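In what follows, a structure is listed as structure tokens, so that the remarks can point back to it.
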Amino acid sequence: MRNARPIDSPTDPFNAVPLPESATIRRPRIEGLPAGVLPEMLADPVVEQPQAVKLPPVAQPPQPWPIAREQISEPPPPPAPVFGLARPRPAPEAATRHEGPRRRFPFTLMVAVAVLLALVYLVPAILMSGSVLPGTVVAGVDIGGLTVTQAADKIRTELKTSIERPITVDVGGERKTLQPETAGLEFNVVATIKQAQSGFPTPLEVWRSLTGSTQLQPQITVNAAQLARTIESLAQSVDRRPREGQIAYRGLRPAPTYPEDGVMLDRDAAGRLLQQAFTGSSGYVTLPTRVVQPSTTRQQVNDGMAVARRAVSAPIVLRHGTRSTTLTPAMIAGQLTFGPDGKGGFGPSFDTRGGSVEAVDRALINAAQATEDATYELVNGRLVPVRAKVGLGVDLDKLGKDVAEVVAGGGSRTIEVQLARMRPRITDAELAGMGIEEKVGEYTSTFACCLARVTNIHRMAEQLDGYVVKPNETFSVNEVIGDRTPAAGYVLAPQYAEGKVSSAVGGGVSQTATTLLNAAFRGGFEIVEQHPFDLYMPPYPPGLDTMLTGELDLRWRNDSDYGVLIKTDVSETSVTVSLWSTARYDRVEVITSQPRDVVAFDREVGTGTGCEPVDGQQGFTVDVVRVLHADGKEVGRDTKQTTQYRPRSQVTCPSTE
């Protein structure tokens, strides 16, 4: 537009608009305002009454798209302008120059601290390496800073007295002294030092060495077998095994034995305490004991007494086919006992391994079918072998169980016996290898003819004849012969027992037993059990006599490497027992002292129609010693055996004329 010309903007825009006349408002004139600033902007605001206006719901603010900070780094927004003027943003270079020193200072400090700590650790660690760390102590001996070899030498030197010090042990109130090496304890210096650190130490080890000490426990070497033997030896003085409840018989009367607690050395604790005492400072220790209770009770024994009385109230009948025999009350009592059954109970046990079942075998089995052992016969003074024979015999294990069941049950007292094929106790091959070649012992005793006791002497000699005792076997007369009963061939005869003479089946067998005792004694064999008479009985040798009853036995052990054959020979007035084996001695000398401490006998006058005169006998004491000779010199001497006999009163019967 060519003719156009600039139109100046009005100074006050309100002047260009006509105002209503009825509403004229006078405003002060404001001049000289800067460009863009209207007068209305500086006028007072017009307050209008608010009107209820329904506003739309406020929209949610926009959410930014999630972007990781490390991926996008935006500059901070510029500050809002003030009066249309924006603040200048600081240059990035200026900001960097301002914050850099602050960040580098902590890093430098940390590096300095790390170097300092490394020096604090490494310097002492290097100085300590290659030797035992400072502050290391063994039983009060400081070995810090020494080499391993130096430390070992120092320990051996300074602990020598402690290492060799004996240990005082209190066992059951009795003090004993033990040498450590005898007990199997030895101080192990090498193992002790191996516990110490001698290489390059760790920081913790350096700190501990600088601030404290390390106590090393002394190490010992234990010979377990030797220590166990030592403990068992100590236990012998204190151990008392518990006594189990039992019932046995004295004659036909049951005799109870009530249970008692035992005391035992605590083996495990003793081993630990002995090791501690060896390395400890006092060298003294008390070994503990513990109470061991029996498996039976007093009430069980009391209950068993009634069963034991009933068991011997009548015989037990044994049958096989048409044959039968009986176990008499005396036979039952001789082999029946009551005790723990191994299951916490208490009951009867019948021992069939004794000799009393021999009569049972003979009664129930035909002799042609019986088992026979290999043995020898004497023919014109020469040994002739008799072959063994496999045959039938009573099943002893089954019989023992059956008798126990009858006793415990209290029912029928009849048992059907079972037989079994029995292997001989001595076979032909065994007999041939036993070295039975010559007579090594013999003795003969005499007696008056034609008395009832002679029958019993002969019967026992017959049972002993041909019996072979194996090497290291203990021979028992009662086990081999068994009960002396009429069924076994014995008769009623006078018998001396318990200080008086009475009639009993088997009376007189003590003479056969005494003859066997002297043959074994003179053969050089070990006498295990002997019961001399309390009255001297001629013609027995003083100190070498023995009583034989159901309770008193004669036992001797074949302590040689050869078998021993028993041979007997009888007459109307004598019995001879000879033992055959391989001779070990040239001569067996029996030294009997002269009687001493002689006591005179009393004189009495008997009364009654049954009076029997008795010769008086002095009392005295005698000693017996056995000396063994071989290769012309003494090779053994027994401990002196002393026997004391009391006097026997002389009894005179009044005349009946």
>> Let me spell it out: the conditions are (1) in contact (Cβ under 8 Å) with a residue 40 or more places away in the chain; (2) touching a Pro at 6+ places or on another chain (Cβ under 8 Å), and Val501 meets all of them except one. Which number is the exception?
In response: (1)
>> Please go through region 467-494 and give me each residue that is under 48 Å from the mean Cα position of the chain (by Cα) and under 12 Å from Arg453 (Cβ atoms), ordered by number.
In response: Arg484
>> Restricting to region 576-620, name every residue that is among the polar types (S, T, N, Q), at pLDDT 95 or above and under 21 Å from Ser510 (Cβ atoms).
In response: Thr576, Ser578, Thr592
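Here is a list: Gly304, Gly344. Which entry is small (Gly, Ala, Ser) and within 29 Å of the chain's Cα centre (by Cα)?
Values: Gly304 fails: within 29 Å of the chain's Cα centre (by Cα).
Selected residue: Gly344, the only one of Gly304, Gly344 that is small (Gly, Ala, Ser) and within 29 Å of the chain's Cα centre (by Cα).
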>> Residue under question is Arg425, and the condition is that it be under 43 Å from the mean Cα position of the chain (by Cα), free of Cβ contacts under 8 Å to residues at least 60 places away in the same chain and under 30 Å from Arg319 (Cβ atoms); does it hold?
In response: yes
>> For region 235-286, give me each residue that is among the small types (Gly, Ala, Ser) and either surrounded by 15 or more Cβ atoms within 10 Å (Cβ to Cβ) or under 20 Å from Gln179 (Cβ atoms) (or both).
In response: Ala235, Ser237, Gly245, Ala248, Gly262, Ala270, Gly271, Ala277, Gly280, Ser281, Ser282, Gly283
> For region 287-308, which residues satisfy the criterion of being crowded, with 17+ Cβ neighbours inside 10 Å, part of a helix (DSSP H, G or I) and not polar (S, T, N, Q)?
Replying inline: Val301, Gly304, Val307, Ala308
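Condition first: of a type in the set (A, V, I, L, M, F, W, C), at pLDDT 90 or above, in a helix (DSSP H, G or I) and surrounded by 15 or more Cβ atoms within 10 Å (Cβ to Cβ). Can you find one or more residues in region 381-391 that meet it? Don't jump to the end; show me each part of the working.
Initially, region 381-391 is screened for residues of a type in the set (A, V, I, L, M, F, W, C), giving 383-384, 386, 388, 390.
When the remaining residues are screened for being at pLDDT 90 or above, the result is 383-384, 386, 388, 390.
Restricting the remaining residues to those that are in a helix (DSSP H, G or I) gives none.
Checked against the condition, which is being of a type in the set (A, V, I, L, M, F, W, C), at pLDDT 90 or above, in a helix (DSSP H, G or I) and surrounded by 15 or more Cβ atoms within 10 Å (Cβ to Cβ), region 381-391 yields no hits at all.
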> Gln617 fails exactly one of the following numbered conditions: (1) under 26 Å from Arg522 (Cα atoms); (2) polar (S, T, N, Q); (3) surrounded by 15 or more Cβ atoms within 10 Å (Cβ to Cβ). What is the number of that condition?
Replying inline: (1)
>> Consider region 518-537. How many of its residues are in contact (Cβ under 8 Å) with a residue 40 or more places away in the chain and under 19 Å from Tyr645 (Cβ atoms)?
In response: 8
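The values are calculated or read from the model by the stated rules, or taken from the named source; none is laboratory data. Just so you know, these numbers come straight off a predicted model, no measurement behind them. Neighbour counts run over all protein chains shown; Cβ positions are idealised from the backbone, glycine included.
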